[in-house]
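Below you'll find the structure, written out as structure tokens, and then a few comments.
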Amino acid sequence: MIDFYLNGRRQRCQDVTADTSILELLRTGLGQTGTKEGCASGDCGACTVAIGEPDADGELVYHNANACITPAHQLDGCHLVTVEGLADGDTLHPAQAAMVDCHGSQCGFCTPGIVMSLFTLYENQRRQPAPLTQSRLEEALGGNLCRCTGYRPIREAALAMGDYPAADPAWAEDDQLAGNVAWLRRPRNGAPAAEGHYVAPQDLAALRALKGRRPGARLVAGGTDLWLETTQQLKPLDDVIDVRQVEELGAIEETAEGWWIGAAVTLARLTPLLAEPYPAFEHLMHRFASSQIRNRATLGGNIANASPIGDTPPVLLALDARLRLDGPRGERELPLADFFLDYKQTALAEDEFIAAIFLPRPADEQNLKVWKLSKRREDDISAVLGAFAWRLEEGVMRDVHLAFGGMAAIPRRAPAAEAALEGQAPDAAAFDAARAALAEELTPMSDVRGSADYRRVAAGNLLERLRLMLDGPTATDADNNNPATKVTLDAYAH
């Protein structure tokens, strides 16, 4: 059974199959058809809904999510808000009223999803007022595509909705709602929160036991990639273990050497942690898919997926990250570089799972640059991603780590290119040698995002970009607006 609140009303849904999405539950199970299916892959945002979860103070905090690829069972203990739940009778919510007055809708198919992203932005503004800068608007709406209206009136609606008088729906006036939702999330002493073929253990011991009994069960955290198997490939997902409620997998432990990041920590929650030690990594997170995806996707999931074009693995490889694997036979650690074996193959045993990722603190004078090449600026997958870490010591490069996505069957480092730069001054000769080595040691793939030849040239050009940056007026200047460092378009590389 899924026990949750929908637009302020409690719902208890029985006999929901393991692979049911929120969108399917809404439209076919609950008769709520305002939420639309566009792409069924988390790309267009037409199905965007708002999910409210209690924070440490018991207040409901809302984030936007793609209903088409979010497991319905993850609504257990949450408050789901859809476009039907925003108006109070004939009085529109400010997000809706602003869209009407600014002519932000034409055919209207994508409009419910846009309104729900505006609703979560509006709620965040109420909690933490801040200027609605261009970057914040891009972050809020980057996962909502509109084919006919154009984005100017939608942007104007986003800027204008704060000027409207507050018009909360009736459920927002219920001062017991947050407490009622929190009660649904009460501890169950580690027992699974669901039964049958979809189970959600609440602690590590329960997860180990389940994985021991059901080694073939699929693990789900955010579901942003796994759920494509059912929506795009029509494969059944009939044996699922949900790890989002496992307390240990959601923890971040800080040590003197770095951070142990639980595998179920979402990318949205991870991003602020990166701002001080690794600003380039933090910047990449804003180019990772969309806010809908980042609110659900997890660091552990992005690694376990083992995609050759995943965005975080190359950066983690460049930073010498490690993994803690766990299972019924105990835990073990291994370098991330030893985790990826071949295309979609990893060192995980059938009964193991990723428990945590260790991110080391930056070494003294360590530099990191991350550049992502993609067709779109917002909500797109990399064609090539390069992550470069190094130190400059007495005019030569030390501890050179060059990692790439999209350049092999797995995310991997380029040891021959690293060796060509190690101990060398960052001059044209050294980088020429590094590019030549890179062309020999990596065999990129061809797919819809780019040919092997394109990727080979692009990766070499990223190394040249690094050389030009180091040869600029200041060796540490990473400002893309500086002519000496601006080599490719800001829209495609940062």
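The values are calculated or read from the model by the stated rules, or taken from the named source; none is laboratory data. The shown structure was predicted, so the numbers you read here are calculated from the model rather than taken from an experiment. Please note: Cβ atoms are built from the backbone with ideal geometry, for glycine as well, and neighbour counts cover all protein chains shown. Just the protein is used for accessible areas: all its heavy atoms, side chains included, with ligands, DNA and RNA removed. Shrake-Rupley method; radii C 1.70, N 1.55, O 1.52, S 1.80 Å.
Identify the residue in the range 405-427 that is open to solvent by 50 Å² or more (accessible area, probe 1.4 Å) and either of a type in the set (A, V, I, L, M, F, W, C) or not in a loop (DSSP other than H, G, I, E, B) (or both) and, among all such residues, is farthest from Pro308 (Cα to Cα). Ranking the qualifying residues of the range 405-427, first place goes to Ala419. Apart from one condition, Leu132 fits all of (1) surrounded by fewer than 16 Cβ atoms within 10 Å (Cβ to Cβ); (2) under 27 Å from the mean Cα position of the chain (by Cα); (3) modelled with pLDDT under 95; the exception is (1). Reported count of residues in the range 19-66, each being more than 16 Å from the chain's Cα centre (by Cα), closer than 27 Å to Pro201 by Cα and not in a strand (DSSP E or B), is 14. The residue that is surrounded by the fewest Cβ atoms within 10 Å (Cβ to Cβ), counting only those in the range 97-129 that are touching a strand residue (DSSP E or B) at 6+ places or on another chain (Cβ under 8 Å) and hydrophobic (A, V, I, L, M, F, W, C), is Phe119. Failed condition for Met397, given (1) among the aliphatic types (A, V, I, L, M); (2) open to solvent by less than 30 Å² (accessible area, probe 1.4 Å); (3) free of Cβ contacts under 8 Å to residues at least 40 places away in the same chain; (4) outside any strand (DSSP E or B), with all others met? So Met397 meets the others, but not (4). Pairing each residue of the range 309-338 that is basic (Lys, Arg) with any residue that is crowded, with 20+ Cβ neighbours inside 10 Å, provided the two are 6+ apart or on different chains, yields C-beta distances under 6 Å for Arg322/Phe358; Arg324/Ala355; Arg324/Ala356; Arg332/Leu325. Please specify each residue of the range 204-239 satisfying the condition of being of a type outside the set (A, V, I, L, M) and part of a helix (DSSP H, G or I). Hits for the range 204-239 are Arg208, Lys211, Gly212, Arg213, Glu229, Thr230, Thr231.
Within the range 325-336, being out of contact with any helix residue (DSSP H, G or I) (no Cβ under 6 Å at 6 or more places or on another chain) and over 16 Å from Leu219 (Cα atoms) holds for Arg329, Gly330, Glu331, Arg332, Glu333, Leu334, Pro335.
Inspection of the range 182-198 identifies at least one residue that is exposed (fewer than 13 other Cβ atoms within 10 Å of the Cβ) and either aliphatic (A, V, I, L, M) or modelled with pLDDT of 90 or more (or both). Scanning the range 257-277 for residues that are exposed (fewer than 13 other Cβ atoms within 10 Å of the Cβ) and either free of Cβ contacts under 8 Å to residues at least 12 places away in the same chain or touching a helix residue (DSSP H, G or I) at 6+ places or on another chain (Cβ under 8 Å) (or both) yields Pro272, Ala275, Glu276. Residue count for the range 9-29 under the criterion of being under 22 Å from Leu86 (Cα atoms) and of a type in the set (A, V, I, L, M): the result is 4.
Give the range 392-417 a look and list any residue that's touching a helix residue (DSSP H, G or I) at 6+ places or on another chain (Cβ under 8 Å) and charged (D, E, K, R), or say none. Those that are touching a helix residue (DSSP H, G or I) at 6+ places or on another chain (Cβ under 8 Å) and charged (D, E, K, R): Arg412, Arg413. Whether a residue is basic (Lys, Arg) and closer than 30 Å to Arg12 by Cα was assessed, and Arg147 does not pass this test.
Considering only the range 213-224, state which residues are under 11 Å from the mean Cα position of the chain (by Cα) and over 17 Å from Ser291 (Cβ atoms). Residues satisfying the conditions do not exist here. The residues of the range 47-73 that are open to solvent by 10 Å² or more (accessible area, probe 1.4 Å) and more than 23 Å from Gly142 (Cα to Cα), listed by number, are Pro54, Asp55, Ala56, Asp57, Gly58, Glu59, Leu60, His73. One residue alone among Phe388, Phe353, Phe358, Phe339 is closer than 15 Å to Ile410 by Cβ, among the aromatic types (Phe, Trp, Tyr) and modelled with pLDDT of 95 or more, and that residue is Phe339. Arg455 meets the stated requirement of being buried (at least 16 other Cβ atoms within 10 Å of the Cβ), charged (D, E, K, R), at pLDDT 95 or above and within 26 Å of the chain's Cα centre (by Cα).
Among the residues making up the range 289-346, those that are surrounded by fewer than 15 Cβ atoms within 10 Å (Cβ to Cβ) and within 24 Å of Leu368 (Cα to Cα) are Leu334, Pro335, Asp338. Note on the range 245-256: residues that are closer than 22 Å to Leu207 by Cα, of a type outside the set (Gly, Ala, Ser) and surrounded by fewer than 21 Cβ atoms within 10 Å (Cβ to Cβ) amount to 4.
The rows are residues; the columns are (1) in contact (Cβ under 8 Å) with a residue 60 or more places away in the chain; (2) of a type in the set (Phe, Trp, Tyr).
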site: Arg147; (1), (2): no, no
site: Gly150; (1), (2): no, no
site: Glu156; (1), (2): no, no
site: Tyr164; (1), (2): yes, yes
site: Pro169; (1), (2): yes, no
site: Gln176; (1), (2): no, no
site: Asn180; (1), (2): yes, no
site: Trp183; (1), (2): no, yes
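When the range 437-452 is limited to residues that are farther than 17 Å from Leu373 by Cα and open to solvent by 60 Å² or more (accessible area, probe 1.4 Å), the one that is modelled with the highest pLDDT turns out to be Glu440.
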